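Structure first, then comments.
The values are calculated or read from the model by the stated rules, or taken from the named source; none is laboratory data. The model shown is predicted, which means the values in this text are computed figures rather than measured ones. Counting neighbours? That spans all protein chains shown, and the Cβs are built from the backbone with ideal geometry, glycine included.
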Amino acid sequence: MNDAAPGNQDSPSRRSVLRTTAGAAGVVGVSGAAGLGLGPLGGTAAADAPAGAPAEAPVPRRQGSTMAGVPFERRSTVRVGIIGLGNRGGSMIDLFLALPGVRVVAVCDPVRAKAERAAAKVVKAGQPSPAVYTKGEDDYANLCARGDVDFVYVATPWDSHFEMAKAAMLAGKHVGVECPLAMRLDELWALVDLSERTRRHCMQLENCCYGRNEMRVLRMAHAGVFGELLHGAGAYNHDLRELMFSPTYYEGPWRRLWHTRLRGDLYPNHGFGPVANYMDVNRGDRVVSISSFGTPALGLAEYREANMPPGDPSWKETYVGSDRTISMVTTAKGRVIRLEHDVSTPHPYSRINSLGGTKGVFEDYPARIYVEPDHKGHQWGDFSAYAAEFDHWLWKEHANPPGGHGGMDYIMVYRLMQCMRLGLVPDFDVYDAATWTAPVPLSHASIKAKGAPQQIPDFTRGEWRKPRSGVDSVKPQ
Ligand SMILES: NC(=O)c1ccc[n+]([C@@H]2O[C@H](COP(=O)([O-])OP(=O)(O)OC[C@H]3O[C@@H](n4cnc5c(N)ncnc54)[C@H](O)[C@@H]3O)[C@@H](O)[C@H]2O)c1
């Protein structure tokens, strides 16, 4: 599984789903713009682009009603089904099992050993043995169809996210999807429409939005520490060469194969999500265009040359790029966000995570700050001086959270499950998920068009003007 050669990666079921749901755009493989679902959608165009922005992206007619501000149904126990028990799902299950009022009732992975290892964790945590689905690529549909699942968590390779999110919502489940939400623009619209029609939340589980520094900067932005916000930057600069060529780390070469198909920012969410939150994107501002530029793609071939034995299947692959993608996103209020993506050259890990305004600037990796009137003389100041005052209530409540990524995974899962149990509005919704993922197809299209700006659609269909709560939440009583 997941090891099909480039060009024939689509299973029959995936092909048929794309045929029936991909909308007006043709589906002819993913290297051309048509294969990214960028075609005209018909419908109406909103008129909120600033002067100088590319013409407004077409907005299809709404089929349901908005999911902005829609609370979950209150429930004492959240019953979770998990699809994909690899690196991510196999560790995130520990966090679901650590929470009171959460039960893992079903797990699914075609690799039986992974599903069974997850089931054993559930039993070890003192919960009843979960249902186990291991019968091939499509068995997830049976998990989604169960009557006793409230929330489906999807942690599978990227090309399956769309089908799985769709199946979960059609079966009446709220769904949380790992990054990115989907790989095509028309798939993003299809998920927005489906969420609105089914009244189910479809969320990107963007853990970096819950990083301790990200939440501090978010609160500082809202408190006016940076003045009027002007610019920000986010990235996924993470040298994944060794992992992507490892025969055992991922379940097959699925992640590396995306570098044979798309040229743009394959993984924008970790950098984009937090900065979008700082700027209240979809809650007072919105992103309107993206221009992307890509370097040649040399890093993976160079790594293969140095490390992979002759005859390794990777020698059949041609990497199309880009080693580093740099994108400039503009917002309706005229702000600028720089996004970077680089997983194929040596680089210390960085999400950049910066924010600037009329009163000063924050930059992460390492964290540093310069804001008036606290700092002067062009010297960076100590960010830890702001830590206690601006820590989010979630981090005050959970100073040493369990799990990976410095605890942000736990904070995210804790908060999501809290919202579901208390019947609150989730901190992020399908509009955020689609917005944070849109750079995947649009950066590819922009690079192919030599950096020409691509319109980012208004997935909220005008709701973005309304301020509303998000990750900077108030502690529930
Ligand atoms: N948010 C984060 O910090 C973070 C970290 C790591 C990975 N991820 C994301 O998590 C997802 C999974 O990544 P990973 O590193 O765990 O990959 P992986 O290859 O280790 O695991 C994927 C799992 O999905 C299973 N799978 C494949 N097809 C399936 C199907 N049809 N039905 C059910 N299961 C199926 C595979 O057998 C495998 O066990 C990706 O979207 C990745 O981007 C997010």
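Quick look at the numbers
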| item | result |
| --- | --- |
| Within the range 179-203, tally of residues that are in a loop (DSSP other than H, G, I, E, B) and more than 16 Å from the ligand (Cβ to nearest atom) | 3 |
| Some residue of the range 202-219 being closer than 22 Å to Q454 by Cα and either touching a residue at least 24 places away in the same chain (Cβ under 8 Å) or of a type in the set (D, E, K, R) (or both) | no |
| Test result for L266, under 27 Å from E178 (Cα atoms), in a helix (DSSP H, G or I) and of a type outside the set (G, A, S) | no |
| Filtered residues of the range 116-156 (kept if without any contact (Cβ under 8 Å) to a residue 12 or more places away in the chain and among the charged types (D, E, K, R)) | K124 |
| R103 vs. criteria touching a Lys or Arg at 6+ places or on another chain (Cβ under 7 Å), modelled with pLDDT under 95 and either surrounded by 15 or more Cβ atoms within 10 Å (Cβ to Cβ) or over 30 Å from A445 (Cβ atoms) (or both) | no |
| Test: residue in the range 241-262 that is in a helix (DSSP H, G or I), of a type in the set (S, T, N, Q) and within 16 Å of the ligand (Cβ to nearest atom) | no |
| Residue in the range 137-150 that is at positive phi and either of a type in the set (K, R) or not assigned by TED's automatic domain parsing to the domain that holds L257 (or both) present | no |
| Single condition G264 does not satisfy, out of (1) surrounded by fewer than 23 Cβ atoms within 10 Å (Cβ to Cβ); (2) in contact (Cβ under 8 Å) with a residue 60 or more places away in the chain | (1) |
| Verdict on R338 being buried (at least 21 other Cβ atoms within 10 Å of the Cβ), among the charged types (D, E, K, R) and touching a His at 6+ places or on another chain (Cβ under 8 Å) | no |
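Every residue, every condition in (1) under 21 Å from the mean Cα position of the chain (by Cα); (2) closer than 16 Å to G271 by Cβ, yes or no:
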| site | (1), (2) |
| --- | --- |
| L185 | yes, no |
| C209 | yes, yes |
| V217 | yes, yes |
| G224 | no, no |
| A235 | yes, yes |
| L240 | yes, yes |
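Here's the yes/no breakdown for (1) farther than 24 Å from M220 by Cβ; (2) not assigned by TED's automatic domain parsing to the domain that holds K359:
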| site | (1), (2) |
| --- | --- |
| F383 | no, no |
| M408 | no, yes |
| I411 | no, yes |
| M417 | yes, yes |
| A433 | yes, no |
